Amino acid sequence: MPGPGGLRPLATEADRERLVALLREHYAVGLFGLDELDRRVGTVLSARFLDEAAAAVTDLPASAPPGTAPSAPSSSGPPRRGRRRRGHAHADQPAAGWVPTSERFRDPSTSTVMRVWVDPADQSRHYVPEPEP
């Protein structure tokens, strides 16, 4: 879709990161397999324009309320407080709907291995203790 003056908006790294995160969420819940994830991520990463990158997610159900999906163009006007990630939180166990990431770290205060989970609704990150093997 052309922007002002007929120019198509370029895909930014932030756009690509949001779209890839959305694809990973859908993969994690079993909407498609690894080959399809690889194909769609390749589309996002190789796209020059935002509409080309967003094409990789247009057939997927939205995981966020309308207007907040990663493929939605950013609104004009002054930035709103709290639009970006809301920070980090510790939790004893993941909540329903949270998506695990491959990120793990050792909590320096307790020496516990923590896994990072993301809440797709607001992109907040949560640290949950990794179960003992």
Could you list, ordered by first residue, the pairs with Cβ atoms under 9 Å in which the first is in region 105-133 and more than 25 Å from residue 24 (Cα to Cα) and free of Cβ contacts under 8 Å to residues at least 12 places away in the same chain and the second is open to solvent by 20 Å² or more (accessible area, probe 1.4 Å) and of a type in the set (Val, Ile, Thr), at least 6 apart or interchain? 132/113
Any residue in region 14-28 that is under 23 Å from residue 97 (Cβ atoms), of a type in the set (A, V, I, L, M) and in a loop (DSSP other than H, G, I, E, B)? no
Kindly check whether there is at least one residue in region 99-116 that is within 14 Å of the chain's Cα centre (by Cα), at pLDDT below 85 and assigned to a loop (DSSP other than H, G, I, E, B). no
Go through (1) open to solvent by 40 Å² or more (accessible area, probe 1.4 Å); (2) modelled with pLDDT of 85 or more and name the single condition residue 88 misses. (2)
Counting just the residues of region 33-74 that are of a type in the set (Ser, Thr, Tyr) and within 21 Å of residue 121 (Cβ to Cβ), which one comes out modelled with the highest pLDDT? 58
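The values are calculated or read from the model by the stated rules, or taken from the named source; none is laboratory data. On a predicted model such as this, the values are computed, not experimentally measured, just so you know. A quick note on method: Cβ atoms are made from the backbone with ideal geometry, for glycine too, and the neighbour counts reach across all protein chains shown. Please note that ligands, DNA and RNA were not included when accessible areas were found on the heavy atoms of the full protein model with its side chains. Shrake-Rupley method; radii C 1.70, N 1.55, O 1.52, S 1.80 Å.
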